[in-house]
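Quick note: the coordinates plus some simple rules give every number you see, no bench work behind them. These numbers come from a predicted model, not from an experiment. Heads up, the Cβs are rebuilt from the backbone with ideal geometry, glycines too, and the neighbour counts pull from every protein chain shown.
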2 protein chains.
Amino acid sequence: MLSISQAAKVTGLSVKSIRHYEQIGLISAPPRSSNEYRYYPESLIKQLHFIKSTKDAGFNLKESKALLNLSEDNERSSADVKEIALQKIEELEARIKQQQTLLASLKKITKQCHGDKTASCPIIDAFVR
Amino acid sequence: MLSISQAAKVTGLSVKSIRHYEQIGLISAPPRSSNEYRYYPESLIKQLHFIKSTKDAGFNLKESKALLNLSEDNERSSADVKEIALQKIEELEARIKQQQTLLASLKKITKQCHGDKTASCPIIDAFVR
DNA sequence: GATTGACCTTACCCCAAGGGTAAAGGTTAT
DNA sequence: ATAACCTTTACCCTTGGGGTAAGGTCAATC
């Protein structure tokens with residue numbers, strides 16, 4: 001049974017995050033020792049590992065929760081999992097595309113700026129219209 | 001002199017945003033009529049337009065503030081403006097790159113999932129480790 | 001036995017950039 | 001006068017925690 005700081009260390013999460021996940025019901029409350037300290041059995045450590053992985057993969061906590069539920073559901077169909085993943089892929093693609101558009105236009109106007117001591121500035125001009 | 005909803009309409013901002021910008025000191029407080037309604041002179045409308053443009057270009061409010069200050073500073077050097085823009089470009093490039101990495105690995109593991117009625121799922125497996 | 005440092009607890013405020021809603025009051029047109 | 005719409009302040013909500021305070025606990029050293 002690991003203490004919360006040990007759980008944080010092995011999972012790569014912060015102590016604060018772990019408490020937070022408990023508070024929002026992402027993981028269930030761990031058992032407490034007589035001094036009210038939280039202690040994490042293997043099953044919870046595994047869940048925390050799982051959440052860390054999904055977070056690293058770009059999912060938010062709500063999605064992590066859904067994935068965690070599916071991971072523990074023996075009756076699941078992989079189609080349900082794949083749907084969540086495909087949705088995230090679409091979302092990522094859209095976000096990337098939008099940022100690429102922003103980047104391109106910002107680069108374009110920035111290139112035209114001399115970047116010297118004079119006040120004349122095409123970047124500012126682009127925003128003034 | 002435009003009312004706040006008229007100001008919102010012409011700038012493309014929301015009423016809520018305009019009040020928010022005032023509250024955080026991004027724009028100065030507009031004059032009020034005897035009934036305490038805010039009224040926006042041309043100068044403020046121009047500032048709001050400017051902020052909308054910078055926001056659309058991907059800058060956050062703090063950066064918008066800095067750019068707005070520079071836009072009104074006759075003593076500015078375009079180098080200062082360009083520095084902010086270049087910084088944002090770097091930031092965008094880094095974010096895009098990171099998301100592309102995420103996207104690539106997510107696509108890779110997702111492709112391996114059959115997405116059928118069986119429980120077997122390489123996506124879940126990737127998160128369990 | 002006492003102290004020290006590291007750990008734990010709850011509870012509160014904070015970030016960005018507003019959205020939503022309520023309660024109250026003002027304006028405009030019919 | 002009444003409806004429809006506008007404005008005001010004020011408060012709570014969002015995401016994913018970070019920071020900090022005040023207090024309790026534990027293990028080790030003196």
> So for chain A, taking the charge dipole from beta-carbon charges (+1 Lys/Arg, -1 Asp/Glu), which of A:LEU92, A:ALA119, A:ASN69 sits furthest toward the positive end?
Replying inline: A:ALA119
>> Considering only C-alpha atoms, what is the centroid distance from segment B:76-100 to segment A:21-63, in Å?
In response: 37
> Considering only DSSP states other than H, G, I, E and B, which GluC sites (Glu not before Pro) in segment B:45-129 qualify as loop sites with at most 14 other Cβ atoms within 10 Å?
Replying inline: B:GLU72, B:GLU75
> Hey, got a sec? Which GluC sites (Glu not before Pro) in segment B:1-44 land in a DSSP loop and have at most 12 other Cβ atoms within 10 Å?
Replying inline: B:GLU36
>> As I understand it, the dipole of chain B uses +1 on the Cβ of Lys and Arg and -1 on the Cβ of Asp and Glu, about the Cα centre. Which of B:SER105, B:ILE24, B:VAL10 lies farthest toward its positive end?
In response: B:SER105
> Taking the Cα atoms of the protein assembly as shown alone, what are Rg (to one decimal) and Dmax (as a whole number) in Å?
Replying inline: 24.9, 70
> Based on Cβ point charges of +1 for Lys and Arg and -1 for Asp and Glu, what charge dipole magnitude is obtained for the protein assembly as shown about its Cα centre, in debye rounded to the nearest 20?
Replying inline: 40
> Hey, what angle do you get for helix A:42-56 against the long axis of chain A, alpha-carbon based, 0 to 90 degrees rounded to 10?
Replying inline: 10
> Do any chymotrypsin sites (Phe, Trp or Tyr not before Pro) in segment B:23-117 lie in a DSSP loop with no more than 16 other beta carbon atoms within 10 Å, and if so, which?
Replying inline: B:TYR37, B:TYR39
> Between A:LEU2 and residues 5 or more places away or on another chain, which pairs have amide H atoms under 5 Å apart, with H built 1.01 Å from N, and which residues are they?
Replying inline: A:TYR40
> With r defined as the distance between the Cβ atoms of B:THR118 and A:ASN60 and R0 fixed at 45 Å, what FRET efficiency is calculated, to the nearest 0.05?
Replying inline: 0.95
> What does the charge count near B:ILE124 come to, summing +1 for each Lys or Arg and -1 for each Asp or Glu among other residues with Cβ under 12 Å from its Cβ?
Replying inline: -1
> How far is helix A:78-111 tilted, in degrees, relative to the longest principal axis of the Cα atoms in chain A, given as a value from 0 to 90 rounded to the nearest 10?
Replying inline: 30
